[in-house]
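Undergrad: One structure is given below, represented as structure tokens, and several questions about it will come after.
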Amino acid sequence: MVRKLLFELRGKKSRAEVAEKLDITPQMLGAIERGDRTPSLPLAKRIADYYNLSVDEIFFTHYRNETCPLASASNKTSQQPLKFEQSKPMSIPSGGE
């Protein structure tokens, strides 16, 4: 979960200290950590850079693994891309009555 990860990444640093480095208020950082606010893309990038991670690692990977256990399991066992079967085209009824 993003919330838990952000708390862990901040560690023993104060919210004010990290917020100052990110050029946001401690209240905004708290709202992001609690999941009350979603950061803009530029802010998400600053947060990721601050923690030396990618935006995906912080804001998407953990969420995807929690909501889609099969994707998480397949990522652990194989680096192969998922394969999808091609579906049959849908027949569209004609406009006649």
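A short reminder: the numbers here are calculations on the coordinates, not readings from a lab. Just so you know, these numbers come straight off a predicted model, no measurement behind them. Don't worry about glycine lacking a Cβ; one is built from the backbone with ideal geometry, like all the others, and counts go over all protein chains shown.
Undergrad: Which of the residues belonging to the stretch 7-52 are within 13 Å of the chain's Cα centre (by Cα), assigned to a helix (DSSP H, G or I) and surrounded by fewer than 17 Cβ atoms within 10 Å (Cβ to Cβ)?
TA: Within the stretch 7-52, LEU41, LYS45 qualify.
Undergrad: Now, a different point. Do you know which residues across the stretch 8-24 are farther than 17 Å from ASN52 by Cβ and of a type outside the set (Lys, Arg)?
TA: Selection gives SER14, ALA16, ALA19, GLU20, ASP23, ILE24.
Undergrad: On to the next question. Residues of the stretch 25-40 being closer than 14 Å to SER14 by Cα and of a type outside the set (Ser, Thr, Tyr), which ones?
TA: The initial filter retains those residues of the stretch 25-40 that are closer than 14 Å to SER14 by Cα, namely 25-30, 33.
Selection gives PRO26, GLN27, MET28, LEU29, GLY30, GLU33.
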